[in-house]
Structure formats: C-alpha cells, structure tokens
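> Here's a structure for you.
The values are calculated or read from the model by the stated rules, or taken from the named source; none is laboratory data. Every value quoted in this text rests on a predicted model; they were computed, and no experiment measured them. So basically every Cβ, Gly included, is an ideal-geometry build from the backbone, and we count neighbours across all protein chains shown. Surface areas here come from the heavy atoms of the whole protein model, side chains and all, with no ligands, DNA or RNA. Shrake-Rupley method; radii C 1.70, N 1.55, O 1.52, S 1.80 Å.
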Amino acid sequence: MTAYYLGIDIGGSKSHALVADGRGRACGLGLAGPGNYEVVGWDGLRQILHAISNQALGSAGIGWEQVAGAGFGIGGYDWPAEEAPTHEAINSLGLEAPYAVVNDSILGLLAGTAEGWGIVIVAGTSNNCRGRDRQGREGRVTGCGSVYGEYGGAVELVARAVQAVARAWTQRGHRTRLTGAFIEAAGATNEVDLLEGLYLGRYNLGPAAAPLVFRVADEGDPVARETIQWAGRELASLAIGVIRQIEIEALDFDVVLAGSLYDGGGLLIEAMQEAIHSVAPGACLVRLSAPPVVGGVLLAMEQAGIEPAAMRATLMASTDLMLRAHDRERPIEE
C-alpha cells in the first residue's frame, strides 16, 4: 500500500491541508477559512480539521489508512493548557499514523529553511518568533504581542506611528507627513479631529494602515523611516532572544521572514539584519517563498522516520503547481 503524508496549517484567517506521496509530490489539497480556536472555538477547530483533511484526502483519492504520518501547525497553540483540547480535536479524526502538533509558525520555519532548523520571524497583523536547533530543541517568544512587550507586526507599527503623530501635535516630537496621511485615511478634518476620533472610537487605523507608513517612509519622511526601523529592531529582538535560548549564536543558519509586513521592503529588513548580526553574524535572512502547509508535510515525514530535506524542493514545486491550478479553476466572484 502506497504511503502518503498529511500536513495541516490552521490559522486565524485561513486553513490548509496538503497530501503528498513518498517522493514529495503534492497530490491533494484542502482549503477553508479560519480554524484557530481563538477565532472559531474548539468545536470550530474540530470541524475545520475534518473538512480540510477529508477534502485533501478526497482530492488525492486516498483513505485515512494510507496516511503514514501527519504534521499539524495550529495557530494559538502556545501554552500547556491548550495541549489536551488540541489533541482531542486532532484525535477526533481517527488518525492511526504518528503525528506531531506545533505552533503554526514552526511550519514556516520547516518550509523556509534548507535543513529544517533555524529561526522564523512572523510579521503580519502581529508578530511571533520560534526557533529550532539541529537536534530539534525549540525556542520561542510568548506570541502574545504587546501584552508581553513583543512588537513589530502591523498592529504595533501603526500604533507607534499614531503615537508619533500625537507627539508631533503636542510638540514632543518632530513634524511628520504621517499626520496628513492618517487624516486622509481616517476621513478626519484635522489633527485634533483625528486624535480625538481615534481615542473615542469614531475612527480606526488598524493594521491595514501599515502600507501608509511604508509609503510615507519611501517619500523620505524621517519619522516614518524611524518608525519602520524601530519595528525592524523589535522583530530582531524576538529573534535574538530565541537564538540565545537554543544557543546558535556562533552557527550559520537561516532566519525565515514570514508575513505580509516584509512586503514593505528593505528598510525594515535592513534594520533587522543589522541587529541580528550583532549577536549572530552567520544568520542569513530569507523570505518565505512556500506556503507554510509545506512545512506540515515535512513534519509529517519526520514522524514517519523519513529525512524530509531531500523532498523539500519537489514538494515546494509540486505544491506551487497545485495551488496555481486551484486558482485557475476557482470561479471569479462577481
């Protein structure tokens, strides 16, 4: 009986399942919306797991008995109290093969590093950072964002930029073009109306305003540039902590950059690189180019005793082809 490997990526906005064969060829795909229990609850997580797994196995034309290993990356899987209900949700699948469950950021690390170890720094709506050494020992931050002083995602970047606007208005900081950009974006009439409206909830400048900060920085505004560099240094500090935890300062390793904030370009990444290199000169920053669910399949192969590194290139290429085919077949929304 041919063996297959199942990878699952459960996030706060979308969820993916991917099936691959023993040669690393993607052959089944499942897609759904958010599955993170913090968004949809534990019953919602269970339903999403069943939906995308069955969809992926069905499109591959196989049954559960042919799954030889599985890897689950679950958004929000952070603390000991979440272990039991997470495993209960997974066990409801009736999976008999060995499996591993990790925080979803680890999938980005596995998909983005050539040898399956190193650091991943997630910078999207918020931030996260995890690491893995050659022996599989993990390091981490809390993943709880600004509550525990972890900054650098779009939420924190925009909040910092709004603070810069307030500092400029109160003459505690330099004038900045961010003021006009935010007035226009919020639909406010002036600085007072903007700041009052943000405080009272009439206006909202959430993570979607992050591209404005990058645009103003690209126009040469020193305050916007410093705000982005601040975010880069804060993201680097997450990585530095994890690097120290797993003691890889003297090694050469990949730092995978995962998330939409990196689309902003070099200013952010250059600030990160400078700070990280002060502690770990052999760190090489690389953008994640594969969907994280690829890391789930690689994790699944590990559970079955297969060395996945040799499969990575084939898996990435075949997954890319499968996703492109899916996008072509998807009906255009009116």
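> Could you tell me what percent of the accessible area of the chain is made up of carbon and sulfur, with a 1.4 Å probe and every protein chain present?
50 percent
> Here's another thing I want to ask about it. State, to one decimal in nm², a quarter of the convex hull surface area for the C-alpha atoms of the chain, i.e. the direction-averaged projected area.
Spelled out: convex hull of the Cα atoms, projected over all directions, averaged, 18.6 nm².
> For the residue pair E307 and A100, what label-to-label distance in nm results when each label sits 7 Å from Cα along the Cα-to-beta-carbon direction?
For E307 paired with A100, the spin-label model returns 1.6 nm.
> Counting only heavy atoms of the protein chains, get the accessible area per residue of the chain (1.4 Å probe) and round it to a whole Å² value.
46 Å²
> Okay, moving on. Residues of segment 67-105 with backbone nitrogen within less than 18 Å of a virtual label 7 Å along the Cα-to-Cβ line of H50, please, listed as ranges.
Answer for segment 67-105: 85-96.
> Right, here's the next one. Which of these, I183, I243, I269, has the largest mean-square fluctuation under a Gaussian network model of the chain (Cα springs below 10 Å)?
I183
> Now a separate question. Using +1 at the Cβ of each Lys and Arg and -1 at the Cβ of each Asp and Glu in the chain, identify which of A51, L107, G153 lies farthest towards the dipole's positive end.
Checking the options against the dipole of the chain, the answer is G153.
> Most fluctuating residue of V255, V242, V162 in a GNM of the chain with Cα springs under 10 Å: which is it?
Sorting by GNM fluctuation, first place goes to V162.
> If you don't mind, another one. With the convex hull built on the Cα atoms of segment 220-324, state its orientation-averaged projected area in nm².
8.5 nm²
> Now for a separate question. Multiply the residue gap between D327 and T2 by 0.36 nm, knock off their C-alpha separation, and tell me the result in nm, one decimal place.
Between D327 and T2, full extension yields an extra 114.2 nm.
> Follow-up question, since we're still on this one. Just from its helices, what would the mean residue ellipticity at 222 nm be for the chain, if runs of 4 or more DSSP H residues each count -39500 (n - 2.57) and the sum is divided by every residue, rounded to the nearest 500 deg cm²/dmol?
That comes out to -14500 deg cm²/dmol.
> Starting from the Cα of V147, step 7 Å along the direction of its Cβ; do the same at S59; then give the gap between the two resulting points in nm.
Distance between label points: 3.4 nm.
> Separate question: Report the residue, chosen from E302, E196, E234, that carries the largest GNM mean-square fluctuation when the chain is represented by alpha-carbon nodes joined by springs under 10 Å.
Comparing E302, E196, E234 in a Gaussian network model of the chain, the most mobile one is E196.
> In debye, nearest 20: dipole of the chain around its Cα centre with unit charges on the Cβ of K, R (+) and D, E (-)?
360 debye
> Related question: For G28, which sequence-distant residues (separation of 5 or more, or a different chain) have an amide H within less than 5 Å of its own amide H, given hydrogens modelled in the peptide plane?
Under 5 Å from the amide H of G28 lie the amide H atoms of V19, each far enough along the sequence or on another chain.
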